[in-house]
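Every number here is computed from the coordinates shown, using simple stated rules; none is lab data. All values reported here derive from a predicted model rather than from experimental measurement. Glycine gets a Cβ as well: all are built from the backbone with ideal geometry, and neighbour counts include every protein chain shown.
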Ligand SMILES: NC(=O)c1ccc[n+]([C@@H]2O[C@H](COP(=O)([O-])OP(=O)(O)OC[C@H]3O[C@@H](n4cnc5c(N)ncnc54)[C@H](O)[C@@H]3O)[C@@H](O)[C@H]2O)c1
């Protein structure tokens, strides 16, 4: 499988340096970034090509892995899918706009392309998907991050946001992909609380789900990426796992 990377920052670096040295049938050869130097650095590391023309990348790959920004998804996803090329999207917040979601779904269907949204920085999405249409009554997310991760200069714990996921993604577009992912997985606007906490050095996500099946809670305490403290290591690892799963014969925990 030939892969091109859109957005050559923290996530792309972890994915590329993990995948490229292995013999796994995944060739990450093309790199695009609005900052060409970042694309060139990663291309050099991977022995690939940095492109200035996005179309050149799409024309040469089977799948584009987006790890850039919600704006990049809005700009490039239609072009990628119209060419019948698949996508992995990390900036999942872009899909909280239902009109955009439906437009992308239609373009992908019309062109026989697939859009994959990795589980990212959380665990528990398998359970949420399983119960989504079977009496799921309540889903909530509490996200707790350090001031550095949230880009705040605050020295005491404070609730920054309490409300619906659709509002949270507007206020914290680069920080709340997790809320968007859960909402899309269970097709509802979930309840979200975002807390800035100077006493934590991890990005903590607690999910609670209740319904006819019973109840579950998951708590993920992620180390932030050194290259970008807003981003958790687990987010990159989940994309690596997804990429490798395309070559698996037996899949578990889907
Ligand atoms: N799904 C999840 O759980 C999850 C978790 C963490 C981060 N993310 C998202 O993944 C994305 C990447 O995260 P990161 O930590 O690697 O970010 P980063 O800031 O380290 O890297 C992003 C790179 O993309 C480039 N870029 C941004 N907008 C672009 C555009 N329009 N066109 C071309 N290049 C562009 C930047 O120049 C930068 O090099 C972010 O949107 C982030 O919110 C998702």
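Brief remarks follow.
- Exposure proxy ranking, count of Cβ atoms within 10 Å, fewest first, for 11, 240: 240, 11
- Distance between segment 152-213 and segment 72-115 - C-alpha centres, whole angstrom: 24 Å
- Fewest-first ordering of 133, 152 by other beta carbons within 10 Å of each residue's beta carbon gives 133, 152.
- FRET E, pair residue 105, residue 75, Förster distance 22 Å, beta-carbon r, rounded to 0.05: 0.80
- Against the chain, whose longest principal axis comes from its Cα atoms, helix 233-245 is set at around 50 degrees.
- With Cα atoms, 0 to 90° folded angle of helix 70-82 axis to the chain main axis: 50 degrees
- Projected-area mean, the chain, by convex hull of Cα positions, square nanometres: 13.6 nm²
- Reference-scaled alpha-carbon Rg (2.2 N^0.38 Å with N residues) for segment 29-121: 1.07
- Percentage relative contact order, the chain, counting C-alpha pairs under 8 Å, at least six apart: 19 percent
- Percent of C-alpha pairs per 10 Å bin, segment 134-215, short to long: 19, 49, 25, 7, 0
- Cβ-derived FRET efficiency at R0 41 Å, residue 215 paired with residue 56, nearest 0.05: 0.25
- Here r is the Cβ-Cβ distance between residue 157 and residue 189 and R0 is 22 Å; the resulting FRET efficiency, rounded to 0.05, is 0.30.
- Straightening the chain between residue 23 and residue 49 buys 7.4 nm, computed as 0.36 nm per residue apart minus the Cα-Cα spacing.
- Between helix 36-46 and the chain: long-axis angle, C-alpha atoms, 0 to 90°, nearest 10: 80 degrees
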